[in-house]
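The values are calculated or read from the model by the stated rules, or taken from the named source; none is laboratory data. Everything numeric in this text was worked out from a predicted model, so none of it was measured. Cβ atoms come from the backbone with ideal geometry, glycine included; neighbour counts cover every protein chain shown. Ligands, DNA and RNA are stripped out before the accessible areas are found, and what is left, the full protein with its side chains, is counted by its heavy atoms. Shrake-Rupley method; radii C 1.70, N 1.55, O 1.52, S 1.80 Å.
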Amino acid sequence: MAERKDTPEQAEFREHCRSWLAENKPAPPSFRLPISAIEVMTEEQRDYLASWQNKVYKAGLIGCDYPSEYGGGGHTNFQAVANQELQRAGVPYLLNIIGLNMAAPTILQHGTEEQKKRMLPPLLSCDEIWCQGFSEPGAGSDLANVQAPAVRDGDNWIINGHKVWTSLAHFATWMIMICRTSSDHKYNGLTYYIVPIADTLGVTVRPLIKITGETGFNEVLFEDVVVPDTLRLDEVGKGWTVAMTTLTYERGAAEGAGSGGGKGMDERLDELIALAKRMKRNGKPAWQDATVRDKIMQLSIRGEGLRQLGRRARVAALCDHPMRLPLQTKVLISEWLQDVAACAVEVEGAYASLYKGDERAPDGGDWPLAYMNSYGFTIAAGTNEVQRNILGERVLGMAKSK
Amino acid sequence: MAQPKNFGFDEEAQMVRDSARKFLRDNAGIESLRKLVAVDHVEAYESTTQPNYYDEKLWQQIVELGWTTLAVPEQIGGAGMSMVTLAALAEEVGSVALPSPLTSTLLATTVLREADGPGAKTALEAIVSGGPATLAITDESGSWDAADSGVAAKAQGSGATLNGTAYFVQDARKAASFVVSATADGGTALYVVAADAPGVTILPDRIVDLTRDQARVVFQDVEVAAGAVVAAAGKGEAAISRATPAMLTIVAADICGAAEWQLQTTNEYAQIRTQFDHPIGFFQAVKHPIVNMMIDIDRARSLVYTAACAIDTEPERAQWYARMAKSAASDAAAFCSGRSVQLHGGIGFTWECDVHIYFKRQKHNQMYLGDGSYQRARLAELADQAAA
C-alpha cells in the first residue's frame, strides 16, 4: 500500500523496496550481532553485514538521492522511503553508517569532483568502510580544541596526533579527520582531511575496552603520516565549518545517504513490555505493578513523541524555528534508549545482576549491556550537556556558556 | 489508515490559527490579562463570592468571529472544522491564558455532536446562536469516568426530573446552558438544561486559577422535557467516551500554548536578568532547564497534532494518541510552571510577576480531565485490551 502523499514515483519505488526486501531478507546469522553497527567487532560480523549492505546498495536502496556519477541513484526524495522500508522490514542494520551518514554528505557538500567520484561509490557499496577522527584526549565537548597537527610539506601534509573513541577504525579504509593547521586561531586553525588508515605507514589502531568489558571502539595514533593535498576537504582553515556539516548529520538533524534496519523503537518497547510480563515483582508479573506500568507508558509516550516530532519538523507551519526540532533529535533518542534500558534493568530485578553468558540471564543478558552501552549515545556526537547548550544558544538565543 | 503527513494542517487551518493569533495578540495580551484578573489579590481570593473575571465585550467579538461554532457540524449551521484546526485555535487561546467560556463551549460541543437525542441538536443550535455551554458531568469524588455522575434522573412523562449536584463545572457562571450527565434507569443519560431553569442553583467554588470560574451546580426537581434529552438512558456514557479524545486534545492544546508563553517569558528574563556579571541564561543551571521546558512542550505539541489528526482520520487510534497528548501536556504544564517561577527567582514568587497567572491556569489544566499518571494508567489498560 502506498503511504498517503507519496508521489507516484515514490509509491512505485516504495513498492520496489517492499518486494525486494521481502524476497531478500537474509537469514539470521548463527552468531550474535551487536545492537548497532558501531559495536561490530569480529570479522564474521563484518563480512555478514558488509555483504548485506552491498546487496541493499545494488538493489538501489542506498544513496538513492545521490547523483549517479557518484554511484547514487540520481533520484529525489527516495531515500526517506527506502529508510522507512528498511526499518519496517526487520532486516539487519547497515554497517558503513559513519560513511553513509557523516562522510558521504560532508564529501558531497565540500568535496572536489575527483574526491566525490573516487570516494562515494565504494562508500555506498560498503567496499570501503569509514571512521571518524574528531575527538582527542583533550578535545571532547570542546571539540575545537583539536591539537593533532597537520604540517604542509610540498604537495603533502604530515599528520601527527592521537584520536580517540573511534568506532569502526579497526575495519576502516578511510577516516574523516580534523587537524590543526594553525595555532593562531582556535576555530579557523582547523583543516579537514580524508585520511587512508588501513595499512598506512605511521598509523596505529588500538582497541579500547568499554565499560561493558567488550571492545567496540578504538584509539588511533598518527606518527608522521603522509597525506597528499588532494585528500584535503575544502579549504585550509575551514575545517570547523566542514566539521559542522558532519555533526549536523551525526546528530540526526539531517538525512544521510542511507539508514534503517536493526531494532526499531517499537520493537524495543515491545520487548520491554514482554519482559515486564515475564518477570515477577512482589509475586506478580511486573507489568501488573502500577509503577512499572506508569514508567513503561511514559517511555511509550516519549517514543511516540519523538517519532511525531520528526514528522512535525517537516511541516513548516507547525514549527516556530527551523532548527528547534531537528536539534532535539540526538538528545531525545539517546535519552530514550538509555531510559528504556534502565527501566528494563529495574524490571529484571535480581536477574539484572546476570552478565551475558550466564544461561539464566533474561534476553541473553542484553539489557544490562544495553544500559551500559547507552551512555555511549548520551556522550557521543557532543554530550547531551553540550547539545542543551546548543539548543539554548542557537534556538532560544541565550548567552553562550563557557 | 495512515495519517496525512502534515497532520491535516491545511491552508484553512492555518488561516484560522493565524487570524486567531493576531486577534488575541491585539486584544488579549498580558497587560490586559493582568488588569482583568490580577489587580487585587484580596478581591481575587477573599471576596465573599469570588469574582468571575472575564471580558464580556471580547467574548461577544469572539462569538461574532464564529469561534464557538467551529466544532459544530455544518448541517446544524456550524463551520464543521477539522480537529487539528480546533487544536491550533485552542493553543492560541492558551497562549494568552484567555478567561472565557470558549474551551468549555468547545468541550460541550464535542459531546453534543456525539449524541443523537433531540436535545443535542437544540443545544448545538443554541451554541451557534451565541450561547456558551459547559459540561456538568463530574461527581463529588472528582471522577473523570464517563459513567460517574452526581445527578439522578427520574423518568417523568416523556422527559425527566433531575436531582443531585454536578461538581467541578468549568465556567459555570459564564455558561447559558449545561450539558448534564445523570444516572437514570437503564444507564447514564445526558440532558441540556438552561442555567436559569427553575431548580438550578450555581454555587461558585473558591478556586486558585484566576482565568476561569468553577462551581457546583445543584439540581433540585429540575424538570426536563423530551426535547432536552441529549442522549437517552444508556447512551450517555458512550457519547462522552467518544468525545473524550477531542476533549483531552483541546485541553492539551491549551496547555501547550500556555507553556510556550512560560518558556518565552522565562527565556526573556534569563537574557535580561544579570547576576555574577552575566545574564543568568549564561549559566547552565538556568539554561538547561529552560531547554528542557522546550523539549517537554515540543513533545506535547507533536502529540496534540497527532491526536487531533487521529480524531479526523483514524478514530480507532484517537483515544490512544489523545491520552498520550494529555499525559505529555500535563507533565509539561507541571514542569514549565515550576521552572517559570523558580527561574524568575524572588520576583517570580510575587503577585507582581505575571508568571503566577499562567502557573495557576496550568496547574488547573494539568489535573483537569486527568493528569499525566491518570492518562498513563488508562493507556496501559488500552495496551492490555489491544494485546488481549
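Filtering region A:360-402 to residues that are within 9 Å of another protein chain (Cβ to nearest Cβ) and of a type in the set (Gly, Ala, Ser) leaves A:Gly392, A:Gly397, A:Ala399, A:Ser401.
Evaluation of B:Ser302 against the conditions (1) within 15 Å of B:Leu86 (Cβ to Cβ); (2) of a type in the set (S, T, N, Q); (3) at the interface with chain A (Cβ under 8 Å from one of its Cβ atoms) shows that the sole unmet condition is (1).
Of the residues examined, B:Ala239 is one that is more than 11 Å from chain A (Cβ to nearest Cβ) and closer than 30 Å to B:Val180 by Cα.
Based on what the data block shows, is A:Leu332 within 9 Å of chain B (Cβ to nearest Cβ), touching a Ser or Thr at 6+ places or on another chain (Cβ under 9 Å) and in a helix (DSSP H, G or I)? Answer is no for this residue. Contact map, region B:1-26: residues that are within 12 Å of chain A (Cβ to nearest Cβ) and closer than 14 Å to B:Leu86 by Cβ paired with residues that are open to solvent by 40 Å² or more (accessible area, probe 1.4 Å) and not aliphatic (A, V, I, L, M), Cβ distance under 7 Å, separation 6+ or inter-chain. Pairs shown: B:Gly8/B:Asp312. Every listed requirement among (1) modelled with pLDDT of 95 or more; (2) touching a Lys or Arg at 6+ places or on another chain (Cβ under 8 Å); (3) open to solvent by 30 Å² or more (accessible area, probe 1.4 Å) is met by A:Asp366 save one, (1).
Okay, residues lined up against (1) away from chain B (no Cβ under 12 Å); (2) within 17 Å of B:Ile297 (Cα to Cα); (3) assigned to a helix (DSSP H, G or I):
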position: A:Gly256; (1), (2), (3): yes, no, no
position: A:Ile273; (1), (2), (3): no, no, yes
position: A:Lys295; (1), (2), (3): no, no, yes
position: A:Arg307; (1), (2), (3): no, yes, yes
position: A:Leu327; (1), (2), (3): no, yes, yes
position: A:Ala341; (1), (2), (3): yes, no, yes
position: A:Val345; (1), (2), (3): yes, no, yes
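Among the residues of region A:38-51 satisfying the criterion of being closer than 18 Å to A:Asp366 by Cβ and touching a Pro at 6+ places or on another chain (Cβ under 8 Å), which is least open to solvent (accessible area, probe 1.4 Å)? So, considering only residues that are closer than 18 Å to A:Asp366 by Cβ and touching a Pro at 6+ places or on another chain (Cβ under 8 Å), the one least open to solvent (accessible area, probe 1.4 Å) is A:Val40. The lone criterion from (1) in contact with a Phe, Trp or Tyr (Cβ under 9 Å, 6 or more places away or on another chain); (2) without any contact (Cβ under 8 Å) to a residue 40 or more places away in the chain; (3) within 14 Å of another protein chain (Cβ to nearest Cβ) left unmet by A:Thr241 is number (3). A single member of B:Ala133, B:Ala147 is crowded, with 19+ Cβ neighbours inside 10 Å, under 20 Å from B:Pro245 (Cα atoms) and among the small types (Gly, Ala, Ser), and it is B:Ala133. Scanning region B:264-283 for residues that are polar (S, T, N, Q) and assigned to a strand (DSSP E or B) gives B:Thr274, B:Gln275.
Candidates B:Ala325, B:Ala318, B:Ala310: the one that is touching a residue at least 60 places away in the same chain (Cβ under 8 Å), in contact with a Lys or Arg (Cβ under 7 Å, 6 or more places away or on another chain) and closer than 19 Å to B:Ser82 by Cβ is B:Ala310.
Would you call A:Ala144 open to solvent by 20 Å² or more (accessible area, probe 1.4 Å), at negative phi, at pLDDT below 95 and not in a loop (DSSP other than H, G, I, E, B)? Taking the combined requirement at face value, the residue does not satisfy it. Just to be sure, is A:Ile158 at negative phi, out of contact with any Leu (no Cβ under 9 Å at 6 or more places or on another chain) and of a type in the set (Val, Ile, Thr)? Here the answer is yes, as A:Ile158 does meet what is asked.
Rundown of residues vs (1) closer than 26 Å to A:Leu369 by Cβ; (2) surrounded by 20 or more Cβ atoms within 10 Å (Cβ to Cβ), yes/no style:
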position	(1), (2)
A:Arg32	yes, no
A:Ser36	yes, no
A:Gln53	yes, yes
A:Ile62	no, yes
A:Pro67	no, no
A:Gln79	no, yes
A:Ala82	no, yes
A:Gln87	yes, no
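When region A:155-187 is filtered for residues that are more than 28 Å from A:Leu120 (Cβ to Cβ) and part of a loop (DSSP other than H, G, I, E, B), the ones remaining, listed by number, are A:Ser182, A:Ser183, A:Asp184, A:His185, A:Lys186. Which residues, taken from region B:344-388, are farther than 25 Å from B:Gln319 by Cβ, of a type in the set (Ser, Thr, Tyr) and crowded, with 18+ Cβ neighbours inside 10 Å? Within region B:344-388, just B:Tyr358 meets the criteria.
Every residue, every condition in (1) more than 9 Å from chain A (Cβ to nearest Cβ); (2) over 22 Å from B:Arg212 (Cα atoms), yes or no:
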position: B:Lys360; (1), (2): yes, no
position: B:Gly370; (1), (2): yes, no
position: B:Gln375; (1), (2): no, yes
position: B:Leu382; (1), (2): yes, yes
position: B:Gln385; (1), (2): yes, yes
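Every residue, every condition in (1) at pLDDT below 95; (2) assigned by TED's automatic domain parsing to the domain that holds A:Ile209; (3) open to solvent by less than 30 Å² (accessible area, probe 1.4 Å); (4) in contact with a His (Cβ under 7 Å, 6 or more places away or on another chain), yes or no:
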site: A:Leu309; (1), (2), (3), (4): no, no, yes, no
site: A:Pro322; (1), (2), (3), (4): yes, no, no, no
site: A:Val331; (1), (2), (3), (4): no, no, yes, no
site: A:Cys343; (1), (2), (3), (4): no, no, yes, no
site: A:Glu346; (1), (2), (3), (4): no, no, no, no
site: A:Tyr355; (1), (2), (3), (4): yes, no, no, no
site: A:Lys400; (1), (2), (3), (4): yes, no, no, no
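Put simply, of A:Leu190, A:Leu269, A:Leu168 the only residue that is more than 22 Å from A:Leu95 (Cβ to Cβ), of a type in the set (A, V, I, L, M, F, W, C), open to solvent by less than 10 Å² (accessible area, probe 1.4 Å) and in contact (Cβ under 8 Å) with a residue 24 or more places away in the chain is A:Leu190.
Residues that are without any contact (Cβ under 8 Å) to a residue 12 or more places away in the chain, assigned to a helix (DSSP H, G or I) and of a type in the set (A, V, I, L, M, F, W, C): does region B:361-377 have at least one? Yes - at least one qualifying residue is present in region B:361-377.
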